[in-house]
Amino acid sequence: MDHLTDFLLQMPKIELHVHLESTMPGWLLERFAVRQGRTLPRAPEELYHCSAEDLSDFLGFLDRICSYVGTTADLAEAAEHFSAACREENILYAEAILNPTHWPQFSLPDIISAVTEGFDRGEAAGGADCRFTLSLSRNQTAEEADALVSAMERCRTPRLAGLSIDGNEALSGRTGDRFAPAFARARELGFGLTAHAGESSGPEGVLDALECLKADRIDHGVRAAEDPALLERLAAQRVPLNVCLSSNLALLYRDPREHPLRQLLDVGAAVTLSRDDPMFLGALTLTEELRRAAVFARMSEAELLRCQEIAVDAAFCGEETKAALRAALEAFRSQS
């Protein structure tokens with residue numbers, strides 16, 4: 001094992017941008033399908049061997065994947081699996097994104113209850129401390145957004161950390177004004193706010209997330225690099241950008257040389273590193289994602305550790321949890 005991989009395996013890790021819908025391995029989905037009397041379209045180990053030419057194709061693929069989760073017990077099992085898999089590679093804390101539009105078979109209260117149960121079981125069995133954000137799709141209405149926030153208020157659990165929004169901005173166009181009231185209400189209720197922006201949209205999407213949605217952090221945000229003034233603002237205001245290099249190279253940057261990760265680091269942007277959709281990316285581990293980022297952007301060990309510290313600051317959890325995570329990182333630093 002090379003030194004970098006060994007360093008990353010041992011380093012305590014925090015992940016803030018990963019979709020629960022894409023953390024279920026083929027063998028687990030096969031188990032769920034059998035319970036429904038269904039079969040997968042391909043062998044479990046080949047289930048994710050498909051092409052997605054653009055974000056719309058990919059989102060449709062996620063819908064099909066989630067349809068194999070037939071009961072709330074299955075959903076809880078998927079959440080528990082995620083917690084256990086995280087801890088296997090020393091991810092101490094993770095916030096998964098869950099978009100209810102991918103799970104029409106379940107009500108919002110049932111989704112919240114099942115994911116909470118699964119994360120509780122996972123942590124009790126030695127897994128990672130996992131929380132989740134519920135995400136709107138950009139093609140939803142303002143009324144649907146308000147209903148989601150109402151369900152979050154009624155069914156709130158310690159595991160439910162915030163409100164998110166995702167979807168194809170290139171197709172939906174500007175949606176900030178439509179969802180601003182729901183985001184403002186979620187903030188008043190004490191939920192964290194995050195938004196996918198600067199992926200299928202350009203810098204204007206990031207600006208919309210900041211000024212209309214008042215997002216605490218941005219998922220992706222990489223295309224902010226196309227606007228020097230916006231990039232300077234993000235760095236100065238320490239707005240966290242949850243960057244996913246492998247995902248961006250698969251869906252966004254056909255020429256890897258165009259990815260601005262090194263540029264973001266050089267201007268002092270608050271960068272965290274995550275996997276986005278790990279199963280779709282070849283069962284990608286966070287350790288491997290960090291290794292790729294380190295090689296791609298010539299990141300030092302100090303920079304890799306700094307990304308974890310930024311993730312702690314950006315996490316939607318209480319100060320007690322953050323203090324414990326900072327202590328774990330400091331202990332690792334002192335031993336390295």
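The values are calculated or read from the model by the stated rules, or taken from the named source; none is laboratory data. Predicted model only: the values in this text are computed from it and were never measured. Ideal geometry is used to build each Cβ from the backbone, glycine not excepted, and the neighbour counts take in all protein chains shown. Surface areas here come from the heavy atoms of the whole protein model, side chains and all, with no ligands, DNA or RNA. Shrake-Rupley method; radii C 1.70, N 1.55, O 1.52, S 1.80 Å.
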Given a 1.4 Å probe and every protein chain left where it sits, what share in percent of the accessible area of region 216-299 is carbon and sulfur?
-> 50
Go through region 1-45 and name the trypsin sites (Lys or Arg not before Pro) that are in a DSSP coil and have 14 or fewer other Cβ atoms within 10 Å of their Cβ.
-> Arg38, Arg42
Compactness ratio of region 23-129: Cα Rg over 2.2 N^0.38 Å, N = residue count?
-> 1.08
Neighbourhood charge, 11 Å Cβ-Cβ cut-off, centred on Gly118 and excluding it, Lys, Arg +1 and Asp, Glu -1 | -4
Obtain the radius of gyration and the Kirkwood radius of region 140-289 from its C-alpha atoms and give Rg over Rh.
-> 0.97
Positive-pole candidate from Gly221, Leu231, Leu189, dipole of region 121-235, charges at beta carbon = Leu189
Compute the signed sum of charges (Lys and Arg +1, Asp and Glu -1) over the other residues within less than 10 Å, Cβ to Cβ, of Arg174.
-> -2
Based on the alpha carbon coordinates of the chain, what radius of gyration and maximum Cα-Cα distance (Dmax) apply, in Å?
-> 18.7, 55
State, to one decimal in nm², a quarter of the convex hull surface area for the C-alpha atoms of region 290-336, i.e. the direction-averaged projected area.
-> 3.5
For region 213-291, what is the per residue volume of the convex hull drawn over the alpha-carbon atoms, in cubic angstrom?
-> 102
Tally Lys/Arg at +1 and Asp/Glu at -1 over every other residue whose Cβ is under 12 Å from the Cβ of Ala314; what's the total?
-> -3
Determine the share of region 67-202's accessible area contributed by carbon and sulfur atoms, expressed in whole percent, with a 1.4 angstrom probe.
-> 50
Under the 7 Å Cα-to-Cβ spin-label approximation, Ala323 and Ala124 lie apart by a distance in nanometres of 2.6
Per residue, how much accessible area does region 209-330 show when a 1.4 Å probe rolls over the protein heavy atoms, in square angstrom?
-> 39
Per 10 angstrom bin, beginning at 0 and ending with the bin that holds the maximum distance, the Cα pairs of region 153-233 fall in percents of 19, 49, 25, 6, 0
Enumerate the calculated ³J(HN,Hα) couplings along region 287-294 in order (Karplus 6.51 cos²θ - 1.76 cosθ + 1.60, θ = phi - 60°), each rounded to whole Hz, writing x wherever the residue is Gly or Pro.
-> 4, 5, 4, 5, 4, 4, 5, 4
Taking max minus min of the Cα coordinates of region 67-220 on each principal axis, largest first, gives extents in Å of 43, 31, 31
Which whole-angstrom value gives the distance between the alpha carbon centres of region 299-336 and region 221-268?
-> 21
Considering the dipole of the chain built from charges on the beta carbon (Lys and Arg +1, Asp and Glu -1) around the Cα centre, which of Leu108, Cys212, Ser334 is farthest to its positive end?
-> Ser334
Average the reciprocal distances over every distinct pair of alpha-carbons in region 105-188, invert the result, and give the Kirkwood radius in Å.
-> 13.8
